[in-house]
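J.: Following this message is one structure expressed as structure tokens.
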Amino acid sequence: MAQLTAAPPTTMRALVLEDYGHLSVAELPTPEAGPGEVLLRIHATGICGSDLHGYTGENGRRRPGQVMGHETVGTVVGLGPGARGGEAGLGDLVTVNPGLACGQCPACHAGRGHICRSRRVIGVDPDLTSAFADYLAVPASNVVPFTSGSSGASRVTHGALVEPLAVGYHAAVRGEVREGADVLVLGGGPIGQAAVLACRRLGAGRIRVSEPLESRRLLVAGLGAQVLDPAAGDVAEQVQAGGPAEVTLDAVGSSATIATALNATQPGGRCVLVGMAAPDVRLDAFAVSTQERTLVGAFCYSPAEFAATARWAGEVPDLLASLISLRVTPEEAPAAFSDLARGHDVAGKVLVVFDPVHA
Ligand SMILES: [Zn+2]
Ligand SMILES: [Zn+2]
């Protein structure tokens with residue numbers, strides 16, 4: 001690869017959130033790998049729902065002037081001082097765990113850096129360089145090798161799916177999904193899709209998914225799930241007609257879906273709240289207390305789950321192909337953000353491809 005021998009250019013393209021609802025392609029200085037960091041040539045970065053809500057200003061978790069992007073895949077093209085000896089070396093294809101935890105607190109010591117209180121996140125924290133750009137400098141300890149099994153263009157971009165796939169996997173683990181489990185997933189967007197694949201990976205039996213958009217129902221049906229259309233009647237009743245779920249993963253997170261999750265899950269079963277549609281919800285307390293259902297939270301993934309998901313994702317290229325609906329260039333990205341924010345429906349993931357050599 002030519003870029004390994006040539007020094008990176010001094011400036012690069014980056015998508016800057018100029019203001020809420022306005023993204024531009026800007027020329028920024030190429031970051032340098034600091035002590036313990038590696039420099040990545042970014043191949044592709046996925047647009048996350050949280051990026052869209054940050055773009056519109058709805059979630060208050062992104063600030064004008066910043067570069068977003070946390071679902072990414074790239075090649076290591078530079079090593080900062082002391083970065084040698086990590087898991088990834090020059091020329092390696094890697095994905096990035098975007099969570100930077102302190103490494104010192106009880107959560108970090110327990111292997112749960114994702115709930116570290118001083119955690120900062122690439123693509124969220126405006127002071128960190130982020131992945132909607134040609135180059136990204138990140139701590140060497142946050143890169144995870146991604147073996148795509150082929151130098152094939154589209155397979156390389158699967159590395160950008162590892163982050164959302166890890167979110168779905170962690171939710172299924174929090175739900176204690178086991179071999180043969182009867183699972184319900186609420187919401188068939190990228191996190192619901194990731195949850196379906198995670199349940200399959202854990203050996204679940206029947207997997208049902210409720211999703212209002214037809215294109216997404218088709219996509220999740222292709223992943224091996226039975227689909228339910230909320231327009232056809234109360235989702236909990238539709239589920240109960242075929243027998244209650246043992247575990248429900250709520251990938252939406254609204255008052256309505258939490259009520260559905262509880263009513264569709266058997267007494268003593270588990271409901272996992274992974275969707276973040278609303279900061280406050282109404283909860284039917286008796287559906288929890290008198291039926292002894294367990295309501296658990298799921299957020300991101302542990303570092304070990306992220307690494308395990310990266311290994312798994314490299315082995316199942318055919319399963320992942322349908323998860324990518326659209327690839328756009330950085331120059332097309334501002335229009336893609338605007339379309340998506342205005343409610344343009346896309347079944348799967350939209351990727352911004354920075355390096356056409358690989359895509
Ligand atoms: Zn995301
Ligand atoms: Zn910590």
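The values are calculated or read from the model by the stated rules, or taken from the named source; none is laboratory data. What you see is a predicted model, and the numbers here were worked out from it, not measured in a lab. Here Cβ is always computed from backbone atoms with ideal geometry, including for glycine, and neighbour counts include all displayed protein chains. Surface areas here come from the heavy atoms of the whole protein model, side chains and all, with no ligands, DNA or RNA. Shrake-Rupley method; radii C 1.70, N 1.55, O 1.52, S 1.80 Å.
J.: With every protein chain left in place and a probe of 1.4 Å, what is the accessible surface of M68, to the nearest 10 Å²?
T.: Accessible area, nearest 10 Å²: 0 Å².
J.: Still on this structure: Using a 1.4 Å probe and ignoring any ligands, DNA or RNA, find the accessible area of D284 and quote it in Å² to the nearest 10.
T.: Rounded to the nearest 10, the figure is 60 Å².
J.: Rounded to whole Å, give me the distance from the Cα center of region 241-260 to that of region 119-148.
T.: Spelled out, the Cα-based centre of one part sits 33 Å from the other.
J.: Probe radius 1.4 Å, ligands and nucleic acids ignored: give me the carbon and sulfur share of the accessible area of region 176-297 as a rounded percent. Present the calculation step by step, with values, prior to reporting the outcome.
T.: On the way: 2770 of 5340 Å².
Whole-percent figure for carbon plus sulfur exposure: 52.
J.: Sorted from largest down, give the three principal axis spans of the alpha carbons of the chain, whole angstrom values.
T.: The Cα atoms of the chain stretch 63, 42, 37 Å along the principal axes, largest first.
J.: Quote the charge dipole size of the chain about the Cα centre in Debye, to the nearest 20; the model charges only the Cβ of Lys and Arg (+1) and of Asp and Glu (-1). Please list the in-between numbers first.
T.: Numbers: 26 positive and 35 negative charges, 126 e Å.
About 600 debye.
J.: What FRET efficiency comes out for Q104 versus R63 if R0 is 25 angstrom and r is the Cβ-Cβ distance? Round to the nearest 0.05. Present the calculation step by step, with values, prior to reporting the outcome.
T.: Working: r = 27 Å, r/R0 = 1.08.
Efficiency at R0 = 25 Å is approximately 0.40.
J.: Okay, moving on. How much net charge surrounds S118 when only other residues with a Cβ under 14 Å from its Cβ are counted (Lys, Arg +1; Asp, Glu -1)?
T.: Values: positive: R112, R117, R119, R120; negative: D125, D127.
Counting the neighbours of S118, the net charge comes to +2.
J.: Using the Cα centre of the chain as origin and beta-carbon charges of +1 (Lys, Arg) and -1 (Asp, Glu), tell me which of P139, A304, L273 is placed farthest towards the positive end of the dipole.
T.: With unit charges placed on the Cβ atoms, the residue in question is A304.
J.: Per residue, what accessible area does region 162-213 have, given a 1.4 Å probe and all protein chains present, in Å²? Don't skip to the end; give the middle numbers.
T.: Values: 1390 Å² over 52 residues.
Using a 1.4 Å probe on heavy atoms only, each residue of region 162-213 averages 27 Å².
J.: Turning to a different aspect of this structure: What ranking, highest mean first, results for peptides 156-167, 258-269 when packing means the other Cβ atoms within 10 Å averaged over each residue?
T.: Numbers: 156-167: 27.3, 258-269: 20.8.
Per-residue mean Cβ counts within 10 Å order the peptides as 156-167, 258-269.
J.: Please calculate the 1.4 Å probe accessible area of D345, with all protein chains present, and give it to the nearest 10 Å².
T.: Result for D345: roughly 90 Å² accessible.
J.: I'm checking a number: the convex hull volume of the Cα atoms of region 176-297, normalised per residue, in Å³. What is it? Numbers along the way, then the final one.
T.: On the way: hull volume 11.1 nm³, N = 122.
Residue-normalised Cα hull volume stands at 91 Å³.
J.: Starting from the 7 Å offset along Cα-to-Cβ, what nm value, one decimal, do you get for the label separation of Q266 and V25?
T.: 5.4
J.: What are the extents of the Cα atoms of region 278-359 along their three principal axes, in Å, largest first?
T.: Principal axes ranked by extent give 57, 35, 22 Å for the Cα atoms.
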